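Let me begin by presenting the structure, written as structure tokens, before commenting on it.
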Amino acid sequence: MPAHSIAWQVFRNPIALFVGGVAAVILELAEPRVRAGVWDNSSFKTDPVDRLRRTGLAAMVTVYAARSVAEEMIAGIRRIHDRIEGVSESGERYRANDPELLDWVQATACFGFLEAYCAFVRPLSLAERDSFYQQSLPAARLYGAAGAPGSEAEMKAQLEAMRPRLGPSAELSEFLRIMRAAPILPKPARPAQRLFVRAAIDILPRRVRGQLGLAGLGAAERRLVAALAGLSGKIHLDDSPPAQACVRLGLPPDYLWNTEMEQRAHLRRSSSG
């Protein structure tokens, strides 16, 4: 992916990543076959911190690493998924590499990260949102998700098609409990962790929140999350994956930070004009 891509901006903000990642897993666990595959064959229950770190690393590699590195990582994940199959609590058989389920997992990830960024970092135009989905397709196809959404309209259609299957469960409730309590974020940010979990619920479509029996944020809480996301977006670390990716392409390590500041300034000028 090029350094000027929307994906490089979206994945640079740590709070948007956390909020979006939790939202994605909520949508995954709301689907019975995906829920069984994830909950019965992963370390979410026993070591949620390590599982989330590995998931976050996979996302970073997909976006910021060289294509050859991403391809090798995805091939390894697919080999693991080839061995995962079973029966959901509703009696439906599932396979981790089922194209329909892969499409849904890919869709939920794109939806979560994009919605978190737009809600709490800065809004994106429809063209930018479509571009984000388009940029996700090469990696999606490597995973086997040939029907992953390539636009905002396709994402909405996929969500509406899947929505009748979504529902609450004990596993989803346990996941949310774990996310509120596990020492996932750095110590200075942990007091806000419960707030960020509710922010993840807040960015779900209203009808989905109703189906799952979940409540989001109030207006003041949304403003607080946005303020914290803004602060976190100013933190520049030369050893972070986004900065290292910039250097790999011959750019200054703070290239993405400066680019987003220019975008925000342009947005302010447009709004005032």
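Evaluated against (1) closer than 24 Å to ASN13 by Cα; (2) touching a residue at least 24 places away in the same chain (Cβ under 8 Å); (3) in contact with a Pro (Cβ under 7 Å, 6 or more places away or on another chain), PHE175 falls short on exactly one condition, (3).
Here the helices (runs of 4 or more DSSP H) wholly within the stretch 91-207 that include at least 3 residues being acidic (Asp, Glu) are 99-120, 152-162.
All of (1) small (Gly, Ala, Ser); (2) out of contact with any helix residue (DSSP H, G or I) (no Cβ under 7 Å at 6 or more places or on another chain); (3) in contact (Cβ under 8 Å) with a residue 40 or more places away in the chain hold for SER68 with one exception: (3). Residues that are surrounded by 11 or more Cβ atoms within 10 Å (Cβ to Cβ) and under 14 Å from GLY144 (Cβ atoms) within the stretch 77-87 comprise ILE77, ARG78, ILE80, HIS81, ASP82, ILE84, listed in sequence order. Residues in the stretch 2-22 that are crowded, with 22+ Cβ neighbours inside 10 Å, of a type outside the set (Lys, Arg) and assigned to a loop (DSSP other than H, G, I, E, B): PHE11, ASN13. Considering the stretch 197-242, the residues that are among the charged types (D, E, K, R) and either at pLDDT 90 or above or surrounded by 15 or more Cβ atoms within 10 Å (Cβ to Cβ) (or both) include one that is nearest to ARG163 (Cα to Cα), namely ARG207.
The values are calculated or read from the model by the stated rules, or taken from the named source; none is laboratory data. What you see is a predicted model, and the numbers here were worked out from it, not measured in a lab. Glycine also receives a Cβ, built like all others from the backbone with ideal geometry; neighbour counts cover every protein chain displayed.
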